Every structure is written in C-alpha cells, then in structure tokens.
Amino acid sequence: MFDFAADIFRAVLTGAIFITLRMMRSKGSPHLRKAWIYFTIGFGLLFFGGLVGLADNFPFLSRYLVYRRHGYGDILEQGIGYLLGLLFLGIGVWSWIPAILALRAEEIELRRSQEELKQRIAELTEERNKLKAIIECELAYAEKEKTGDGEEKR
C-alpha cells in the first residue's frame, strides 16, 4: 500500500513540476534557457518513469501495456525514466550554475555603474546650478548697467 501511495505521489509531484516548467519556459532569462530545457526534459523523463511505475500497480492494464509482457517495463522505468531523467537534471544544474554566476556578476557590474551614474548626475547638477547662478548674476548685472546707462543719457 505504501508503494502505491509513493508511486502516485512521485508521479503527481514530477508531473506538476514538469507542467510548471513547460508553462514557464519562455519567461526565463536567455542565459538560463539551456538549463531550463534540460530541467524540463529531466522532469519529463522522471514523470514518464513515475507513470510507468504507477502502471505496475494496476494488473488490468497489463493487456494494454505490451512492454510489460516482454520485460521492457523495468528498462523504461528505471533506465529511461529515472536514470536519464536524473542525468538531464544533473546537466541542467551543471549548465545553470555558471549562468547564475554570470548573471550575478552582471548584476554587480550594473549596480556599480548605477552608483557611478548617480554620482556623475549629482556632479553635473551641482555644476549646472553654479552656472545658473553665474548666468543669473550676469543678467542682473547687465540689467543694472542697461538701466543705469539709460539714466545717464537723460
């Protein structure tokens, strides 16, 4: 009874993960797309192995499942399903880690350049304010000279 419940739980869990990965595949970063493909294939194979293992618990399915009569069920379940599924998951993790590290390095570089840009904006704003004050002072001086020249002519 415990084997039956474990097989159902395993099939449902890997199926849910497989369907979720299939739905999320286009939303990921281009850096991680290769790893997502491996994860999806790996969980798909694990789901396949879980379904083949689950079919063992239903004897009335044996007349429909030809692979059981010829002894290929264990090869499909253990070899193709679980072994290749775990292999693809391992390859996915292997390709995922460098992509995550590269994205982390890009994030650090972007934060550093953002801080530099904020500092440069502050410097330019300060310089603009100084120039604005100088221009306003010059304009006020020119206005005083203009009004002062007009009074001298009278």
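Just to be sure before I move on: is PHE88 on the phi < 0 side of the Ramachandran plot, at pLDDT 85 or above, surrounded by 13 or more Cβ atoms within 10 Å (Cβ to Cβ) and within 22 Å of the chain's Cα centre (by Cα) in the structure I sent? Spelling it out, PHE88 is indeed on the phi < 0 side of the Ramachandran plot, at pLDDT 85 or above, surrounded by 13 or more Cβ atoms within 10 Å (Cβ to Cβ) and within 22 Å of the chain's Cα centre (by Cα).
Considering only segment 6-14, I want to know if a residue exists there that is under 22 Å from the mean Cα position of the chain (by Cα), assigned to a helix (DSSP H, G or I) and more than 12 Å from TYR82 (Cβ to Cβ). Looking for residues that are under 22 Å from the mean Cα position of the chain (by Cα), assigned to a helix (DSSP H, G or I) and more than 12 Å from TYR82 (Cβ to Cβ), one finds at least one in segment 6-14, hence yes. Checked against (1) surrounded by fewer than 19 Cβ atoms within 10 Å (Cβ to Cβ); (2) within 18 Å of the chain's Cα centre (by Cα), ILE41 meets all criteria but (1). Might you check whether a residue that is surrounded by 12 or more Cβ atoms within 10 Å (Cβ to Cβ), assigned to a helix (DSSP H, G or I), in contact with a Leu (Cβ under 6 Å, 6 or more places away or on another chain) and in contact (Cβ under 8 Å) with a residue 12 or more places away in the chain occurs anywhere in segment 91-105? Yes. Can you tell me which residues in segment 32-63 are at pLDDT below 80, aliphatic (A, V, I, L, M) and farther than 19 Å from ALA11 by Cα? Hit for segment 32-63 is LEU32, nothing else.
Per the conditions (1) aliphatic (A, V, I, L, M); (2) more than 30 Å from GLY44 (Cα to Cα); (3) modelled with pLDDT under 80, the sole criterion not satisfied by LEU110 is (3).
The values are calculated or read from the model by the stated rules, or taken from the named source; none is laboratory data. Owing to the predicted nature of the structure, the values given are computational and were not obtained by experimental measurement. Cβ sites come from the backbone with ideal geometry, for glycine too, and all protein chains shown count toward neighbours.
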